[in-house]
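The next block holds one structure in the form of structure tokens; read it before the comments.
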Amino acid sequence: MMSPGPPQVFVHNRQRKILLDESALQDFARRALPLCAKERGSGLTNLQEVHVILISDRRMSALHRRFMQITGPTDVITFDHGEIFISVETARRQARSYRKSLGHELRLYLVHGLLHLRGFEDATPAARRRMERAQEHIVRQAST
């Protein structure tokens, strides 16, 4: 029996406030996925599809409250069944704060979500540092 292979990744823009290049992010996601799958972890092997959904702060706040009991928006929420929700408004604010482009911030969040699906956690400082190193490496590699 053949193994199913790596999952397919799809990007969906479900917000209308900020203009962005959805196809460029889709292309990046396809390059980043195999790099994330190579990282040491336990996930991404049982998924056939990964959906990256770009949303508004308002929708992110509702997800954050419903699933994590935290008020207000966050940057990215990942669900084990293969959905990665990214707040484009939060990404734009953070990009300005870190003097990065919106595209870079969205790529970083996308990789962050893929690494969570791979089994990475960021609950402790050591785990967060490991994840951040992997993120930066993958974003650099997949951006070229």
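Laboratory data are not the source of any read-out in this text; all were calculated from the coordinates shown. Source: prediction; values computed, not measured. Note that we place each Cβ from the backbone using ideal geometry, even for glycine, and neighbour counts take in every protein chain shown.
Those strands (runs of 3 or more DSSP E) of the stretch 47-144 in which 2 or more residues are surrounded by fewer than 21 Cβ atoms within 10 Å (Cβ to Cβ) occupy 49-55, 76-79. Only one of the listed residues (THR144, THR90, THR74, THR78) is more than 14 Å from the chain's Cα centre (by Cα) and among the polar types (S, T, N, Q). That residue is THR144. Filter the stretch 92-108 down to residues that are touching a residue at least 40 places away in the same chain (Cβ under 8 Å) and of a type in the set (A, V, I, L, M, F, W, C) and give me whichever is farthest from ALA29 (Cα to Cα). The qualifying residue farthest from ALA29 (Cα to Cα) is LEU102.
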